[in-house]
């Protein structure tokens, strides 16, 4: 893919942090570990880079130490550039304190956007795991002359389970007719994937209008506000997407990677998902190891049994230990003869020998970072 | 402006590695894959970085495309530096004419200007075909402490194997008194590892002298050579320079042959192996591929193996080393083998005691290699090898010692 200087990417690293409060206690949504070797922000960043977007701003909020550590100079996404490249945009609000909504955040980082020569801006969050090429969206945006193009996917929505979900309704001409946030319904819906394309000029107008009106929310003030009169259209992303809007959803999304269709949809050979390089040795399987239906990252040393699980980099599994249906994050050490089922361990957890831990599919037991059992 | 460097490393990476046959058909030997995610050159490059040597010249000649691409700007090894860093140095044409590197000493001779830019005190000369972790800075310290002109790292080998190596004969202070290349009756078991520390001014002098001397011999129609062991070390000994042997203790493996490459990979599966690739204080860096973690399927059976990211395993894998992006389908069997990046072992294929090159395909029903127990005459047994990008069709088998470089 050649490089496109006409589009600027803006990624919100912290949108909807509170829906997975356990996992974001010490980090942003964007830096939640996912799929054995990734962080959630790897998906929007890789989508932008693979679509040729040369310049990307990452808008941070609180707790962004781990995000900075992950992104570094942006080199692993090929974004350590003189022209374009990765820019980390730390939070502050003109109205004091941390920004209150997307429009407020954009107002505060506007000088970065202003300096860009790009004509279009792509906004994305980190809580949707998907692989998408933005070029067809951009084409449609240009061809229809829409003011804003919202990227959506068709998927099952249940208000009892899903949080932070925006549902779109369209008229016959594919204009957005209605925008509903967490409506009390369930069934197949057009779900906004929290990604949109807009011209820089219009975005500037919206952002500065909102500052003068003291309004902050893009969804509430612009998308839901029919009086704005903007021509808002939808672009259907037909491939797989997974919304991380609860710990349960996080657990389920990781486990969906065990399905080859899911992996095929996310990890396409021509559009790799980039991430920070770990320089770990390959996985070492011991004499009595027994592995079934699992995703295992480099640096693991496995002597026991692992089934239906995701093991991140550098996990150690002792002899006689059985791990089932679990998500074991980076650096976790598990001793000998443990029984572990339906568990999420955060980074660098230590589980000593002979422990038995059981969660359930809908309530996986979560063990926080650096925990010792 | 170049800042002065105390140490510059020169890595000899031009060798063809002809004894690796099909595996070095299109790639230089230092680019040969090893250990699931590495290439041979990762070891000396990572050792340089971990030893604090940040200026490395890599001398390339044979099939450099893959190697050049792999080294790139040196970023994976932290060798993308404003001052110093890694530089690939191929032979070039000058006003005096163009010439290939005519031996290891000549390769350095032709790049003396590169070294002079950094005005170093010491030059470390390395090869690109050994597996080991070594702190070169300790060897440089040893060199300085002995006020040596040249320090050669040596490893104690069993007497029975000593005649395969260049052997150093030392006095009680580790001062080298004699050097014999592959002696029939070795007088010592200290084998040269092909790693040298030279005081640069001294090396410069001997490189120039050897060059002039060899060229004069060539003009007279006599036999000549421009090598480190044979010429530079021998001349320095003749002139009674201070040569010292620095004894290395640890894992060191030459991977010059197919059998030794296979063995060096199998060594990684031994629990007693003194080469810890998980050691965070001395990482071996490599250029990563952007692939998801490996997936192990419901029908897989994996024991005592090393497998890299991006692989999809649904068959049986035992005592094997599998590189990134390898596929082992259901009912495929891989035993005691090395499978290089991107290779596919189809359902029903059997691979044992074999090396399968990158991106090769072993079709269903094919049988590669054989257990030594099933071979009557032990001399007939050896590793079966399938080169890079080779397809072995389902009705074919590859016998022990056989090397396949084309589709069959």
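Tabulated values for the structure
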read-out: Using alpha-carbon coordinates, inclination of helix A:247-256 to the longest axis of chain A, degrees; value: 80 degrees
read-out: R0 of 41 Å, Cβ-Cβ distance residue B:299-residue B:408: FRET efficiency to nearest 0.05; value: 0.90
read-out: 10 Å-binned pair-distance histogram of the protein assembly as shown (Cα, whole percent); value: 3, 12, 20, 21, 18, 14, 8, 3, 1, 0
read-out: Burial ordering of B:252, B:100, A:192, fewest other beta-carbon atoms within 10 Å first; value: B:100, B:252, A:192
read-out: For segment B:199-261: span of alpha carbons on each principal axis (Å, largest first); value: 43, 31, 18
read-out: Label-to-label distance, nm, for residues given as residue B:237 and residue B:163 (7 Å Cα→Cβ offset); value: 1.8 nm
read-out: Test item: A:270-277 mean partner chain Cβ contacts at 10 Å; value: 3
read-out: Peptide A:292-305 - average C-beta neighbours from other chains (10 Å radius); value: 4
read-out: FRET E, pair residue A:119, residue B:213, Förster distance 60 Å, beta-carbon r, rounded to 0.05; value: 0.30
read-out: Packing-based exposure ordering (other Cβ within 10 Å, fewest first) of A:122, A:334; value: A:122, A:334
read-out: Computed helical MRE - 222 nm, chain A, DSSP H runs ≥ 4 contributing -39500 (n - 2.57), nearest 500; value: -5000 deg cm²/dmol
read-out: Label point 7 Å beyond Cα of residue A:100 along Cβ direction - residues of segment A:38-79 with amide nitrogen under 18 Å; value: A:61-62
read-out: Space enclosed by the convex hull of the alpha-carbon atoms of segment A:4-266, per residue, Å³; value: 126 Å³
read-out: Cα-Cα separations in segment A:167-221 greater than 15 Å, expressed as whole percent; value: 61 percent
read-out: All-pairs alpha carbon distance profile, segment A:152-292, 5 Å steps from 0, percent; value: 2, 7, 13, 15, 17, 13, 12, 9, 5, 3, 2, 2, 1, 0
read-out: Compactness index (Cα Rg / 2.2 N^0.38 Å), segment A:284-367; value: 0.93
read-out: 10 Å Cβ neighbours from other chains, averaged over peptide B:304-311; value: 6
read-out: Kirkwood hydrodynamic radius of segment B:229-328, from inverse mean 1/r over distinct Cα pairs, in Å; value: 17.1 Å
read-out: Coordinate range along principal axes, alpha carbons of segment B:122-172, Å, largest first; value: 33, 29, 14
read-out: Coordinate range along principal axes, alpha carbons of segment B:131-263, Å, largest first; value: 44, 37, 25
read-out: Value in Å of the Kirkwood radius, where segment B:1-45 supplies the Cα pairs that are averaged; value: 12.3 Å
read-out: Quotient of Cα Rg and 2.2 N^0.38 Å for chain B, N being how many residues it contains; value: 1.04
read-out: Spacing of the two label points (7 Å from each Cα toward its C-beta) at residue A:188 and residue B:375, in nm; value: 6.0 nm
read-out: Crossing angle, helix A:135-144 versus chain A [Cα axis fit, 0-90 degrees, rounded to tens]; value: 20 degrees
read-out: Nearest 10 degrees, 0 to 90: helix A:200-213 Cα axis against chain A principal axis; value: 90 degrees
read-out: For segment A:22-117, alpha-carbon Rg and Dmax in angstrom; value: 13.7, 40
read-out: Rounded D (µm²/s) - segment B:69-143, Kirkwood Rh over Cα pairs, Stokes-Einstein at 20 °C, 1.002 mPa s; value: 145 µm²/s
read-out: Exposure proxy ranking, count of Cβ atoms within 10 Å, fewest first, for B:331, B:54; value: B:331, B:54
read-out: Cα-projected label distance for residue B:21 with residue A:361, points at 7 Å along beta-carbon direction, nm; value: 5.3 nm
read-out: Value at 222 nm in deg cm²/dmol, rounded to 500, when DSSP H runs of n ≥ 4 in chain B each add -39,500 (n - 2.57); value: -5000 deg cm²/dmol
read-out: Computed E for residue B:272/residue A:336 - FRET, C-beta separation, R0 25 angstrom, nearest 0.05; value: 0.80
read-out: For segment A:220-283, alpha-carbon Rg over 2.2 N^0.38 Å; value: 1.70
read-out: Computed over segment B:5-156, Kirkwood Rh from alpha-carbon pairs, angstrom; value: 16.0 Å
read-out: Under the Debye formula (equal points on every Cα, no solvent term), log10 I(q)/I(0) of segment B:288-408 at q = 0.10, 0.13, 0.18 Å⁻¹; value: -0.26, -0.44, -0.83
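Where a number appears in this text, it was derived from the coordinates with a stated rule and is not lab data. Owing to the predicted nature of the structure, the values given are computational and were not obtained by experimental measurement. Neighbour counts are summed over all protein chains in view; Cβ atoms, including those assigned to glycine, are modelled from backbone coordinates with ideal geometry.
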